[in-house]
Amino acid sequence: MKYFSLNSNAPRVSFEEAVVLGLAPDRGLYFPESITPLPNAFFNNIENLSHEEIAFEAIKQFVGDEIPENELKRIIADTLCFDFPCIPVEENIYSLELFHGPTMAFKDVGARFMSRCLGYFNRNDNKKVTVLVATSGDTGGAVASGFLGVKGVEVIILYPSGKVSEIQERQLTTLGQNIKALEVDGVFDDCQDMVKKAFLDDSLSAYNLTSANSINIARWLPQMFYIFFAYQQLKKQNKPLILSCPSGNFGNICAGIMAKRLGLPIAHFVASTNANDTVPRFLESGLYDPKPSIATISNAMDVGNPSNFIRIQELYNNDLKAFEKDFSSYSFSDAITESTIKDIYQHTGYIAEPHGAVGYLGLKKEMQKQPNSIGVFLETAHPIKFLDVVEPLLAITLPIPTQIESVLGVEKISTKIKSYDELKSFITNNINQ
């Protein structure tokens with residue numbers, strides 16, 4: 001499999017090269033040159049397959065022969081070492097819980113898969129790779145956990161100061177070893193812009209920079225796995241399936257659309273956003289007009305210019321009518337998100353966190369148009385990671401899971417920066433070539 005840049009001004013590369021580079025030299029995102037649908041027999045028999053078998057069939061064409069089959073299966077098994085349950089919330093509405101991994105966020109899947117791919121590529125090589133990643137919330141913790149101690153990999157995580165929850169911050173600032181955290185005076189988009197600028201800085205080429213954001217194909221493509229798992233669990237309902245993703249950088253929903261290109265019968269996608277409404281405005285006006293991100297209680301979605309939207313456009317060949325047939329997007333305020341968290345709890349007993357609540361809201365709105373469907377919203381992180389929002393709203397005290405207990409009380413270690421020059425100085429002074 002070869003990958004091309006969506007900016008169309010860079011050489012085609014292998015899977016390994018795309019993973020190691022992260023972003024193409026022309027600043028474009030990598031995209032597979034072909035997508036071959038899976039056979040009907042796979043979907044007819046999906047309920048009888050294990051998670052590992054499903055994931056292997058979904059990803060193998062994108063890896064090709066660059067990782068041997070037995071090694072790829074080992075990487076997948078190591079990635080999928082926790083559950084992905086669809087929990088009934090109300091009639092015909094399910095929560096796909098993606099928070100049962102080591103850092104209690106959906107990004108554990110992509111981070112673990114990518115780190116193990118890099119570990120394989122580095123198996124006989126002493127050349128170091130520097131993973132440079134921006135986070136608006138959960139990416140940092142998942143990357144820190146997934147890459148901790150991986151041979152030949154140094155990790156630098158940029159996060160916006162004061163705009164991630166305390167638990168999220170602790171997950172990315174307390175591990176030490178090969179994990180380093182930079183606290184940026186700015187918003188997530190500032191962090192992401194610094195990362196992209198570093199990739200294009202020839203003076204940093206010796207550090208072999210790559211990214212573990214969903215711009216990296218090895219972080220993005222594995223997010224298909226749990227979309228397949230949701231279908232597997234709900235197939236017996238025999239109704240059209242609507243998938244609602246709380247959306248920031250649009251990696252999850254883009255992975256879902258890729259799964260549909262592989263043949264997964266998802267009837268409709270909903271990109272549910274907070275006040276950062278670039279895509280809902282695009283669907284209304286036809287004008288893609290990104291704006292600076294706005295801080296909200298669903299902070300992992302505070303993205304003004306979602307990177308993966310260009311991949312979605314490619315998946316639909318820039319055909320707006322075909323895209324609108326499959327896709328809706330709605331924006332919701334913090335106030336309605338908070339009231340929805342309370343309503344869900346009062347009527348069903350289910351505890352949603354802000355991102356899941358936004359996903360639920362978008363799903364409910366779309367199901368008014370398609371009432372004979374079943375719907376799944378992604379619950380992308382455990383409510384404990386947003387206890388400062390959830391506990392006061394619901395007047396409850398959340399028990400502390402063991403995954404979170406391990407980082408509480410550990411000293412936070414981070415470096416504050418304000419500019420790209422400070423990031424560059426940090427890399428040159430703290431990373432051994």
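The values are calculated or read from the model by the stated rules, or taken from the named source; none is laboratory data. As the structure is a prediction and not an experimental result, all values here were calculated from the model. Please note: Cβ atoms are built from the backbone with ideal geometry, for glycine as well, and neighbour counts cover all protein chains shown. Accessible surface areas use protein heavy atoms only, side chains included; no ligands, DNA or RNA. Shrake-Rupley method; radii C 1.70, N 1.55, O 1.52, S 1.80 Å.
The length gained on full extension between Q368 and I87, counted as 0.36 nm times the residue separation minus their Cα-Cα distance, comes to 99.1 nm. The apolar share of the surface of the chain, taken as the fraction of accessible area on carbon and sulfur atoms (1.4 Å probe, ligands and nucleic acids excluded), comes to 47 percent.
Evaluate 2.2 N^0.38 Å with N set to the residue count of segment 232-370, then give the Cα radius of gyration divided by it.
Details: Rg = 14.9 Å, N = 139, 2.2 N^0.38 = 14.3 Å.
Its radius of gyration relative to the 2.2 N^0.38 Å reference: 1.04.
Scanning residues 5 or more positions from V184 or on other chains, those with amide H under 5 Å from its amide H are Y159, S161, I417, with H placed 1.01 Å from N in the peptide plane. The calculated 222 nm mean residue ellipticity attributable to helices in the chain amounts to -12000 deg cm²/dmol, summing -39500 (n - 2.57) over DSSP H runs of n ≥ 4 and dividing by all residues. For segment 146-211, a Kirkwood radius taken over Cα pairs fed into Stokes-Einstein (10 °C, viscosity 1.306 mPa s) yields D = 122 µm²/s. A full extension of the chain between T402 and R261 corresponds to an added length of 47.0 nm, given 0.36 nm per residue minus the alpha carbon distance. Once the Cα-Cα distance is subtracted from the 0.36 nm per residue extended length, the D289 to R27 segment shows a gain of 92.4 nm. Accessible-area rank, largest first, for K365, K180: K365, K180, with all protein chains present and a 1.4 angstrom probe. Computed with a 1.4 Å probe over protein heavy atoms only, the accessible surface of the chain comes to 38 Å² per residue.
Both radii come from the Cα set of segment 128-277: Rg as radius of gyration, Rh as Kirkwood radius; their ratio Rg/Rh reads 1.03. Just name one of A381, P306, Q346: the one whose Cα is farthest towards the positive end of the charge dipole of segment 288-387 (beta-carbon charges, Lys/Arg +1, Asp/Glu -1). Value: Q346.
What the Cβ-Cβ distance of A77 and E314 gives, at R0 = 45 Å and to the nearest 0.05, is a FRET efficiency of 0.90. Assign one of three labels to segment 239-290, namely rounded, prolate or oblate, based on the Cα gyration tensor with a ≥ b ≥ c the square roots of its eigenvalues; rounded applies when a/c is under 1.5, prolate when it is not and a/b is larger than b/c, and oblate otherwise. Prolate.
For segment 27-150, the alpha-carbon radius of gyration amounts to 1.20 times the rule-of-thumb value 2.2 N^0.38 Å expected for a compact globular protein.
Compute the Rg to Rh ratio over the chain from the alpha carbon atoms, using the Kirkwood formula for Rh, and round to two decimal places. Each step should come with its number before you reach the end.
Numbers: Rg = 20.2 Å, Rh = 21.6 Å.
My calculation of the ratio gives 0.94.
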